[in-house]
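Notes follow the structure.
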Amino acid sequence: MNSRKNVTLWLGIGIVSALLLLMAVSLFYVPYGANEMNIAHRLQAPGRAHWFGTDNFGRDILSRIMEGTQTAFAVGFFSVCIGAAGGFAVGSAAGYLGKWTDELLMRAVDALMAFPGILLALIFVTIFKASLPQTVIAIGVIFIPGFARVIRGGFLQYKEADFVKAARGLGAGHGTVIFRHIVPHVLSSVIVTASLCFSTAILAEAALSYLGLGVQPPDPSWGRMLNESQSYMNKAPWFALAPGLFITATVLGFNLLGDGIRDLRDRRA
Amino acid sequence: MQASNEETDARLPLLEIRDLHVELTAPRRRLPVLEGVRLEVRPGETVGIVGESGCGKSVLSLSLLGLLPPAMRIREGEIRYASETLPHADEESFRRIRGKEIAMIFQDPMSALNPALTIGDQATEMARLHLGLTRREAREHAAALFRKVGLPRPEALLRDYPHRLSGGMLQRVMIAIALSCGPKLLIADEPTTALDVTIQAQILDLLRKIREEEGTAILLVSHDLGVIADMCDRIAVMYAGQIVEEGTVADLFDSPKHPYTIALLNAIPTPAKKHEKLFAIPGTVPALNERGTGCRFHSRCPHADERCLLQAPPVVTVRGVHSARCWLAAEEGGLSNAVG
């Protein structure tokens, strides 16, 4: 039982660190320029010169995938940060203050949650200009309800814990109670949520870019590459295969990581 | 004992609770939890509060520090600390005295310490907050207190996490933390209930030692009359949100006036009653919405009559500090032979 749970965790860690390594490498080295076109070599099948083949402009797919990791991780990281920060503000206020503050904030969160996330992001990106920062903000806002609920739940649970009452009885102020006594306990569930949201963010970015509303050309993005590969599905199936595989692997990696951490935490609790 | 009581009586009370009413705000109605509680604690005195579960002992002790749960609030009454009134709603004024003037120790030491922080982090928190000590000074201060409460190897303990210590040790840690700012009043809410009997005796000895050496007044909340009798100068017996009888240990044990006190005393198992069936008070404490207008105890009282059902009994002063909230107490000597 223990080993099975560890497998989930370690597999997640393995996939995620492999991708992180790929991203780190891409900062210093890519085999070809990501936007370097070579019409003579367009739509080449995978081979020794181009491991994942080339696209319709003769650009090296491996290089574009590698640069795409930067986009994917940037979107994942910043949107999760926005979601967690917003969720913390809303969730901690609702959970700690309780009463009508809680009612008001959680109903707002319910309303946001009831709205389909991708639709919300589409509206947001349509109103503002479609670009990377807008995409990040749009995706981050979608995550606020999830984080808010988890954090509120933690606050509700630990606000009434004996050690919190004892700390208050001995003169601890609100700041001490919140940041020293409650937050460390809420943190583990926030990490799990963050990991699961990370994969959702990458998927959402791919979806938005696929729809042409996320990252704009010529910047490399996995979703954008899928979009571009559509017309060449018969002629060059490898064009779609590479970004598809990487999206799948990344989502799988972060989901495994999240599940693994959750299992680890539950076993301890 | 008697002499020292006379002496402390002359001083101003440290804590005065006057006509305290606490209510529970349930949807669409308000239920009284405490009704007209009156109590005084003088410097260096140990006052015990006894009563069965649900009579309001813990609510009373929490209200003194402004720590009532969100659903409860003080409806009226006054809490005065060192002749200064503490406003009910003002969190800040309560926070200033919490820990520094009045400290509280809780029932279950295992859950009263944060499992995620070291003992040192938690033991130094208060001294740094209230006394403005640096990290190192606070650690030395805590180590000295640990030694005082009889904890071995204080420096090593400061680096440990709570799960590594036994319940008795944790309660000592809690007491050391409570003492760290030299409070004048210690509220101990069932401090020994979660501990086993031998440890109980040690913790009570420790509290006694603290009272003698530091002159700290103690408000001891317990359901255990034995513990209370052993420790306290004065006892208040609570029933259904009211203090029904108050007096010195001798007053209550030798000449109890309220039928509830008498029943409680009869329910103590003694070696002499070994072969008899243990006396239990019939019935249960009335629920918050079933208290009625008369005496709260009438449904379980063997002496209750029409008047007890309809009219709330007055608080009758028996002699000196001894008082009882009972119609029969007014009729002198009516119940004093009932114990046996």
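The values are calculated or read from the model by the stated rules, or taken from the named source; none is laboratory data. Please read all numbers here as calculations on a predicted model, not as lab measurements. Cβ coordinates were reconstructed from backbone atoms using ideal geometry, including for glycine residues, and neighbour counts include every protein chain displayed. To get the accessible areas, we keep the full protein, side chains included, count just its heavy atoms, and leave off ligands, DNA and RNA. Shrake-Rupley method; radii C 1.70, N 1.55, O 1.52, S 1.80 Å.
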Notebook entry, point to check: How about region B:99-116: which of its residues are more than 7 Å from chain A (Cβ to nearest Cβ) and over 16 Å from residue B:210 (Cα atoms)?
Noted result: B:107, B:109, B:110, B:115
Next item on the list: Within region A:209-224, track down each residue that is open to solvent by less than 10 Å² (accessible area, probe 1.4 Å), part of a helix (DSSP H, G or I) and modelled with pLDDT under 85.
Entry: A:209, A:223
Item checked: Of all residues making up region B:94-125, the number that are open to solvent by 10 Å² or more (accessible area, probe 1.4 Å), out of contact with any strand residue (DSSP E or B) (no Cβ under 7 Å at 6 or more places or on another chain) and assigned to a helix (DSSP H, G or I) -> 7
Check: Pick from region A:185-208 the residues that are among the small types (Gly, Ala, Ser) and open to solvent by 30 Å² or more (accessible area, probe 1.4 Å): which of them is farthest from residue A:158 (Cα to Cα)?
Finding: A:207
Margin query: What's the total number of residues in region B:126-138 that are more than 9 Å from chain A (Cβ to nearest Cβ), in a helix (DSSP H, G or I) and open to solvent by 70 Å² or more (accessible area, probe 1.4 Å)?
Written below: 4
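Name the one entry in B:194, B:178, B:188, B:201 that is open to solvent by 10 Å² or more (accessible area, probe 1.4 Å) and within 17 Å of residue B:58 (Cβ to Cβ). Break it down into steps so the answer makes sense when it comes.
Details: B:178 fails: open to solvent by 10 Å² or more (accessible area, probe 1.4 Å); B:188 fails: open to solvent by 10 Å² or more (accessible area, probe 1.4 Å); B:201 fails: within 17 Å of residue B:58 (Cβ to Cβ).
Answer to the check: B:194.
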Checklist line | Tally of residues being facing chain B (nearest Cβ under 8 Å) and in contact with a Gly (Cβ under 8 Å, 6 or more places away or on another chain) across region A:173-192 | finding: 1
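Looking only at helices (runs of 4 or more DSSP H) that fall completely inside region B:150-254, which ones have 3 or more residues that are within 14 Å of another protein chain (Cβ to nearest Cβ) and either under 20 Å from the mean Cα position of the chain (by Cα) or acidic (Asp, Glu) (or both)?
On the way: elements: B:154-159, B:167-179, B:197-214, B:225-231, B:249-254.
Of the helices (runs of 4 or more DSSP H) lying wholly inside region B:150-254, those with at least 3 residues that are within 14 Å of another protein chain (Cβ to nearest Cβ) and either under 20 Å from the mean Cα position of the chain (by Cα) or acidic (Asp, Glu) (or both) span B:167-179.
Please determine whether any residue of region A:260-267 is open to solvent by less than 50 Å² (accessible area, probe 1.4 Å), within 14 Å of chain B (Cβ to nearest Cβ) and farther than 30 Å from residue B:179 by Cβ. Working first, answer last.
Restricting attention to region A:260-267, the residues satisfying the condition of being open to solvent by less than 50 Å² (accessible area, probe 1.4 Å) are A:260-261, A:263.
This time we only want the ones that are within 14 Å of chain B (Cβ to nearest Cβ), so: none.
The answer is no, given that none of the residues of region A:260-267 is open to solvent by less than 50 Å² (accessible area, probe 1.4 Å), within 14 Å of chain B (Cβ to nearest Cβ) and farther than 30 Å from residue B:179 by Cβ.
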Check: Does at least one position in region B:74-82 carry a residue that is over 20 Å from residue B:325 (Cβ atoms) and open to solvent by 30 Å² or more (accessible area, probe 1.4 Å)?
Finding: yes
Next item on the list: Note down all Cβ pairs under 6 Å where the first residue falls in region B:111-136 and is at pLDDT 85 or above, the second is of a type in the set (Phe, Trp, Tyr), and they're at least six residues apart or on different chains.
Entry: B:112/A:163; B:112/B:106; B:113/A:163; B:114/A:163; B:118/B:161
